[in-house]
Every structure is written in structure tokens, then in C-alpha cells.
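Note sheet for the following structure.
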Amino acid sequence: MDTEPFLMSNLAQSQELDQRVIVAGTGPVGLIAALAFADAGFRVSLIGPAANIQDGRTTALMNPALAMLDRLGVLKPLAHKAAPLKVMRIVDATGRLIRSPVVTFRASEIDEHRFGLNMPNTVLNQTLADTVAAQPAIEWRKSLVSSWRLEADRAIAALSDGHEVESRLAVAADGRLSQARQAAGIAVSTRPYPQAALVLNFTHTSDHAFTSTEFHTETGPFTQVPLPGKRSSLVWVVKPETAQELTALDNETLSMRIEKKMQSMLGRVTVESGRQIYPLSAATPWRFAHNRVALVGEAAHVFPPIGAQGLNLGIRDIDDLIGVAQQNRADPGSANALAAYDFKRRPDILARSSAVNLLNMTLLSDMLPAQMARSAGLDVLRAFAPLRAFFMREGLRPGSGFSAVTGALRK
């Protein structure tokens, strides 16, 4: 019996498996992960339903995330439907005994034209879905994963349509309740917050001047982010029962409440249709990769919507995972590769999530030491330009603030 054709067939199947990646989840982070792996030369099985193009929220993407979208051919059709973020401002609206000063961050202070772009999720999701559909290296299985089998040398996804897909590496982009994460045996530390976010868009009579303002209140942040024209998006964090009460208001009454909360800084406000409520929580896995599964996006980190960190952090997950996979092409899901990814992502994820959770807790706390610490920290940022520039650079690109300090010392 001639065994050469048999061996050649097995070799071809093994090579195909080595170069194929499963991406589970079709939210923005899953779509971006699929495009990034395809761009890096991998075959991608993308698993999940059609993209949600009815999502009324907006997403603020910072410059490094935009650079990745540009490399993937996604940014150009998005840019003219998004608003640049040139100024970001923090205002203490708590009314407490100890209040923080207003802190203003300007992109021009660190020689940037803008911090990033704010865009409607409907536009972002549709553009990503169209780009994925046009990428021949991506096979989009518009089904759900019914179960996972994670073996020593491969991950196998059993789909609800009866088919199976396998690869060396499974990318869990399937959200905060990730089924892939659970199958990999990765434990998660969770913390519910007594908060919910009311999300909507509104028009206003005054120009926003590409400025985003985050009002800090006793129940959490009230954040206005510019959209094209005289429009803005709003994330209003309140108690869950308050969110329900606000949602039940008629448009005129809610518009007046928002205008008053913003101290009329954008003139007359008119809310648009499409109010959404999201309960807030925090979740951090004990590890970020295990048993052929690597976590990205909300499968890897969940925290309150402060400082536009969510999807930007998820895109950094993808960028680092691609780098590790390219260095381990023979087996991108091996234990060594996943350990390298976990090691690379751990400092960034833990630092960002800890900072956001700590700031959120200081807003909720009635304890004077917590209020004093937050006030003192923001006052130092307001008064000391080099420190403010350091935090702005770090907010855009982790490590760039330290690089700028090192460069200055050398000069």
C-alpha cells in the first residue's frame, strides 16, 4: 500500500489546522479580531449571528485603535461619520463638602490633533460587517456555538447548525458571559455595582467644539461625548431605579433634566429616540488564556464606562494576541503561546480596570478620605502640566508617557 498520499493528506490537514483560528463572537471586538487575524495571514472561522446594526450607542476610539482600523481598511468609511475628540474635561458635580477642580485635557498639549473619534455603533458595526464579508480569508458561520471540546492539540466548536469547526486557537470574543471562557475552565472575579447606565443621543443649540465633558456625580459619571454637527451622545450612570424613572419620562421633560444636569453648557437640549439601559458590574478573569482559548474584549475585562477604555482595551488585546500568534505560527494556541499572551496583557488590563473601578468607588463613597484623595489627585493633574501630559499619553498608548519622560531626561 502506498502511504505517501495518505501522509501528504494528513500533513495538509495539519497545516490547515495550524493556520486556522476560530473567533467566537460577532460584536465589534470579534469582527475586528477576525479582520486582524486574516490580515496577519491566518484563515479565520468567525462564529456568531449577523452584526447588531441597531445598537443606538456610540463608541469613542482613541488614536492607536484608529491606527489599527486604518491598517484593516475600516477607518476611511467611518471617519466622515464620526466626531473628533480634541478636548476632554472632568467636572465635579457631586455637591459634596470636598469637591475636585475642573480638569481639562487638550490633545494639542501632547502634539496630537485629536485624542480619537466618537462614532455611532450602527455605523461602526455595519462597516466592520461589510469589511468582514469582503475578506476571502474569513468564513463567517452565522450560527451559535452549542458546546466546546478543548483537546490537547486543538479547540473544537460544535455549532447549533450541526457542524463542527476546529483550530489550534480559539479567540473568545463572546462577551462578559463568555461560553468559551467557561469551557476553558477560567474562573472570574465579579462585582455587581448599584448602578445602571442610561444611554441616548441628543441635539443641542450650542456648538460642542469637539469637547467631551465627564461630570462626576454621587451615583457615577454623566458623560457627554460629541457627535458630528450639534449632536452628542450621553452615558448617564445612576441607580437602577432612577434609570427606569428617567427612561419613563417624556422627551421634553428628559431633555430639560439633561440640560439642567449639564448646566446648560450646550444650550437647549432635545433628546432623540432610542433610550437604552445597561446594568453595571466589574469582572476580571483569573487568567486571560488557557486550554486553547485566548480572551479578548469583555470576555477579558468588564468595568464601568469611565474614560473611554472598553473597546480600546479590547483592540489592544487583539493587537497583542496577533503578535503572539505570529511568533507561534506552528501552534498559536500552545501552552507557551497562551502563557506569553497572558503575561503580555496582564499589566495593562489590571492597571486599567483597577483604576476605573477605584475611581468609580470614590464617586460612590461618602467617606471623606476617599473624596479627599480624588480631589487631591485631580487638583495635581490640573495644576501640573507635565503630569497631565504623562497621563494623556498613557491614556492613548500604554508606555508612551514613560517614553516621553525618558526622552525628555535624555535631552
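The values are calculated or read from the model by the stated rules, or taken from the named source; none is laboratory data. Since this is a predicted model, take the numbers as computed values, not measurements. Here Cβ is always computed from backbone atoms with ideal geometry, including for glycine, and neighbour counts include all displayed protein chains.
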* Taking residue 275 as the residue in question, decide whether it is touching a helix residue (DSSP H, G or I) at 6+ places or on another chain (Cβ under 6 Å) and not acidic (Asp, Glu). => yes
* Would you tally the residues in the stretch 32-83 being in a loop (DSSP other than H, G, I, E, B), free of Cβ contacts under 8 Å to residues at least 60 places away in the same chain and crowded, with 16+ Cβ neighbours inside 10 Å? => 2
* **Residue identified as at pLDDT below 95, of a type in the set (S, T, N, Q) and either over 28 Å from residue 288 (Cβ atoms) or in contact with a helix residue (DSSP H, G or I) (Cβ under 7 Å, 6 or more places away or on another chain) (or both) among 203, 219, 211** => 219
* Taking the stretch 81-97, which residues are of a type outside the set (A, V, I, L, M) and modelled with pLDDT of 90 or more? -> 81, 84, 86, 89
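The rows are residues; the columns are (1) out of contact with any Gly (no Cβ under 7 Å at 6 or more places or on another chain); (2) closer than 23 Å to residue 160 by Cα; (3) at pLDDT below 95.
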site	(1), (2), (3)
1	yes, no, yes
5	yes, no, yes
10	yes, no, yes
16	yes, no, yes
19	yes, no, yes
30	no, yes, no
41	yes, no, no
45	yes, yes, no
* Asked: What number of residues in the stretch 194-244 are among the aromatic types (Phe, Trp, Tyr) and within 19 Å of the chain's Cα centre (by Cα)?
  -> 2
* Just checking, which of 173, 133 is under 21 Å from residue 34 (Cα atoms) and either buried (at least 22 other Cβ atoms within 10 Å of the Cβ) or touching a residue at least 24 places away in the same chain (Cβ under 8 Å) (or both)? -> 173
* Structure fact -> Residues in the stretch 172-218 that are under 21 Å from residue 22 (Cβ atoms) and not in a strand (DSSP E or B) total 14
* Asked: What number goes with the only condition from (1) farther than 30 Å from residue 317 by Cα; (2) under 25 Å from the mean Cα position of the chain (by Cα); (3) in contact (Cβ under 8 Å) with a residue 60 or more places away in the chain that residue 281 does not pass?
  -> (1)
* Structure fact -> If you go through 85, 124, the only one that is under 26 Å from residue 390 (Cα atoms) and in contact with a Pro (Cβ under 9 Å, 6 or more places away or on another chain) is 85
* Asked: Could we say that residue 361 is assigned to a helix (DSSP H, G or I), over 13 Å from the mean Cα position of the chain (by Cα) and either surrounded by fewer than 22 Cβ atoms within 10 Å (Cβ to Cβ) or at pLDDT below 90 (or both) here?
  -> yes
* From the list 143, 160, 167, 147, which residue is of a type in the set (S, T, N, Q) and buried (at least 22 other Cβ atoms within 10 Å of the Cβ)? -> 167
